[in-house]
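Some notes on the structure that comes next.
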Amino acid sequence: MLNKIDHIGIAVKSLEKAKEFYEKSLGLTPSPVEPVPSQMVTTVFFKIGDSKIEFLEGSSPESPITKFIEKKGEGIHHICYEVDDLEETLSELQKSGIQLIDKSPRVGAHGKKIAFIHPKSTNGILTELTEKDK
Ligand code: ZN
């Protein structure tokens, strides 16, 4: 069902600061910074081999990322796995009683189809699924 870890999402107070470490100290090249207004976040990705690291900064006090940092501090926010067919995966998960945040795919960063699984069903780790580019 899962192809690979697509990316790991890290909640940060400052994208600029996070970028500086990965860019200058680790020598990686960032994607363009992209606001995702529907989720009240701004994101930037660094490709590492076949996976990516996603940094998320809240763009409003109401942003889930701002609230996450207030509660838990900066750190790993979610893990994203790539699947071949997102709709099919979601319907299979729902049939087996898994609690989904998104019952159908929505559009995330880079216009990709994504959906989140509730941490209650995944040992406390917010889990994102994304569909393989076709
Ligand atoms: Zn993500």
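The values are calculated or read from the model by the stated rules, or taken from the named source; none is laboratory data. Please read all numbers here as calculations on a predicted model, not as lab measurements. Positions of Cβ are generated from backbone atoms using ideal geometry, with glycine treated the same way; all protein chains shown enter the neighbour counts. Ligands, DNA and RNA are stripped out before the accessible areas are found, and what is left, the full protein with its side chains, is counted by its heavy atoms. Shrake-Rupley method; radii C 1.70, N 1.55, O 1.52, S 1.80 Å.
Computed over protein heavy atoms with a 1.4 Å probe, the carbon and sulfur contribution to the accessible area of the chain reaches 54%.
Which links in LYS67/LYS120; LYS13/LYS72; LYS52/LYS72; LYS52/LYS134; LYS47/LYS132; LYS4/LYS134 stretch past 21 Å when you go from one Cα to the other? Long pairs (Cα-Cα over 21 Å): LYS52/LYS72. Each of HIS7, HIS110, HIS118 has its accessible area taken with a 1.4 Å probe; listed largest first, they run HIS110, HIS118, HIS7. What you get for the stretch 73-134, charging only the Cβ of Lys and Arg (+1) and of Asp and Glu (-1), is a dipole of about 200 debye around the Cα centre. Taking every protein chain into account, the accessible area of the chain amounts to 57 square angstrom per residue (probe 1.4 Å).
When +1 charges are put on Lys and Arg Cβ atoms and -1 charges on Asp and Glu Cβ atoms, the dipole computed for the chain relative to its Cα centre reaches about 280 debye. Summing Cβ point charges (Lys, Arg +1; Asp, Glu -1) relative to the Cα centre of the stretch 23-99 gives a dipole of roughly 420 debye. Of the three principal axes defined by the Cα atoms of the chain, the extents in descending order read 45, 32, 25 Å.
Per DSSP H run of at least 4 residues, take -39500 (n - 2.57); add these up for the chain, divide by its residues and hand me the 222 nm value, nearest 500 deg cm²/dmol.
The helix contribution divided over the chain gives -5000 deg cm²/dmol.
Relative to one another, the C-alpha centroids of the stretch 5-54 and the stretch 62-134 are positioned 17 Å apart. Give the aspartates and glutamates reachable from LYS24 as a straight Cα distance under 19 Å; neighbours fewer than 8 places away on the same chain don't count. Filter leaves GLU16, GLU54.
Please compute the contact order of the chain in relative form: average sequence separation of alpha-carbon pairs under 8 Å and at least six residues apart, divided by the residue count, as a percent. Worked out over the chain, it gives 26 percent. Computed over the chain with a Gaussian network model linking Cα atoms closer than 10 Å, the most mobile of SER14, SER25, SER38 is SER25.
Only bridges with both residues in the chain count here: give the DSSP antiparallel percent, nearest 5. The answer is about 75 percent antiparallel. Of all aspartates and glutamates in the structure, the ones whose alpha carbon falls short of 17 Å from that of LYS71, not counting any fewer than 8 places away in one chain, are GLU57, GLU62. Between the listed residues PHE68, LEU93, ILE125, the Cα displaced farthest toward the positive end of the dipole of the stretch 2-131, a dipole computed from Cβ unit charges relative to the Cα centre, is found at PHE68. Of all the options LYS112, LYS24, LYS47, the one that moves most in a Gaussian network model of the chain with Cα springs shorter than 10 angstrom is LYS24.
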